[in-house]
Amino acid sequence: MKILVVDDSNIARKMTIKSIKEAISDKAEIIQASNGLEALNEYKSSQPDLVFMDLTMPVMDGFEAVEKIKEIDKDAKIITVSADIQKGAVDKTRELGVIGFIKKPINSNKVIEYIEKLGLN
């Protein structure tokens, strides 16, 4: 299984990866991107099974990245991981087709919950 972790913060990416590894051991190949444009390029080349996407990033934000990834693959499984928990942001990500929203700081239990729900464990 391939998982793409997208966040402009190296620390936030490491925390997300740690939570993923707690959820599924070392069974996953983790790919990283530090902005939406990198995420889009990584998605095209790697075709990950699951994406954890931050929203507020330079170059291309998470909203635009989700939209472009969904244009390529309408079935893409994307979970938003963001500190922006305003109703507008959450609603917009749902409209774009994300399958879940995890509030930062990331919680391993939420990661486990989504991975189990998707049958990826």
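All of the numbers you see were taken from the coordinates with simple rules; none came from a lab. All values derive from a computational prediction rather than experimental measurement. Because the Cβ atoms are built from the backbone with ideal geometry, glycine has one as well, and the counts that use them run over all protein chains shown.
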Residue under evaluation Thr56, criteria (1) of a type in the set (Ser, Thr, Tyr); (2) over 17 Å from Ser9 (Cα atoms); (3) surrounded by fewer than 19 Cβ atoms within 10 Å (Cβ to Cβ); (4) in contact (Cβ under 8 Å) with a residue 12 or more places away in the chain, criterion not met: (2)
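Within the range 45-52, identify whether any single residue is part of a loop (DSSP other than H, G, I, E, B) and either surrounded by fewer than 17 Cβ atoms within 10 Å (Cβ to Cβ) or over 11 Å from the mean Cα position of the chain (by Cα) (or both), and answer yes or no. Give the derivation first.
Kept after step one, since they are part of a loop (DSSP other than H, G, I, E, B), are these residues of the range 45-52: 47-49.
Going one step further and asking which of them are either surrounded by fewer than 17 Cβ atoms within 10 Å (Cβ to Cβ) or over 11 Å from the mean Cα position of the chain (by Cα) (or both), we end up with 47, 49.
Yes, that holds for at least one residue.
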Hits in the range 63-76 (condition: touching a helix residue (DSSP H, G or I) at 6+ places or on another chain (Cβ under 9 Å) and either surrounded by 17 or more Cβ atoms within 10 Å (Cβ to Cβ) or of a type in the set (D, E, K, R) (or both)): Phe63, Glu64, Ala65, Val66, Glu67, Lys68, Ile69, Lys70, Asp73, Ala76
Considering residues of the range 81-103 that are touching an Asp or Glu at 6+ places or on another chain (Cβ under 8 Å) and within 22 Å of Lys21 (Cβ to Cβ) only, the residue surrounded by the most Cβ atoms within 10 Å (Cβ to Cβ): Val81
Candidates Ser34, Ser19, Ser82, filtered to the one that is under 13 Å from Leu4 (Cβ atoms) and of a type in the set (Ser, Thr, Tyr): Ser34
